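Take a look at the structure set out below.
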Amino acid sequence: MATVHTDEWQGYDCLPKMGRDHATVCHAAGEWARDDDGDGIREVHNKTLEGLWTGLRNFLRPFRGVNKKDLYQYVAIFEWG
């Protein structure tokens with residue numbers, strides 16, 4: 001099962017109860033990424049998803065807004081394009 005990486009927002013506290021592995025970084029303490037296993041690679045972070053949303057916003061910008069009912073189609077084009 002994949003591990004869900006998030007910040008420490010309390011809305012994510014339910015993930016372990018739902019059977020999900022959960023690792024966090026504490027932005028309030030200045031932590032943005034963490035190396036849990038000591039191999040020099042910071043595996044615990046949430047920048048991948050934040051980067052994905054930035055890319056999606058940049059992809060949608062030339063359209064100057066899209067209808068909510070069509071948004072899922074634009075997201076699919078971005079994901080698989």
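The values are calculated or read from the model by the stated rules, or taken from the named source; none is laboratory data. This one's a predicted model, so the numbers in the text were calculated from it and none came from an experiment. A quick note on method: Cβ atoms are made from the backbone with ideal geometry, for glycine too, and the neighbour counts reach across all protein chains shown.
Determine whether segment 62-81 contains at least one residue that is farther than 19 Å from residue 6 by Cβ, exposed (fewer than 12 other Cβ atoms within 10 Å of the Cβ), within 19 Å of the chain's Cα centre (by Cα) and of a type in the set (Gly, Ala, Ser). Yes, that holds for at least one residue.
Would it be correct to say that residue 49 is of a type outside the set (Val, Ile, Thr) and modelled with pLDDT under 85? Considered against the rule, which asks whether it is of a type outside the set (Val, Ile, Thr) and modelled with pLDDT under 85, residue 49 comes out as yes.
Given the residues 56, 52, which is the only one that is assigned to a helix (DSSP H, G or I) and in contact with a helix residue (DSSP H, G or I) (Cβ under 7 Å, 6 or more places away or on another chain)?
Answer to the selection: 56.
Summed over segment 24-49, residues that are in a helix (DSSP H, G or I) and surrounded by 11 or more Cβ atoms within 10 Å (Cβ to Cβ) total 3. Selection of first residues in segment 7-23 that are in contact (Cβ under 8 Å) with a residue 12 or more places away in the chain and of second residues that are among the polar types (S, T, N, Q) and part of a loop (DSSP other than H, G, I, E, B), restricted to Cβ pairs under 9 Å at least 6 apart or on distinct chains, gives the following pairs, ordered by first then second residue: 7/46.
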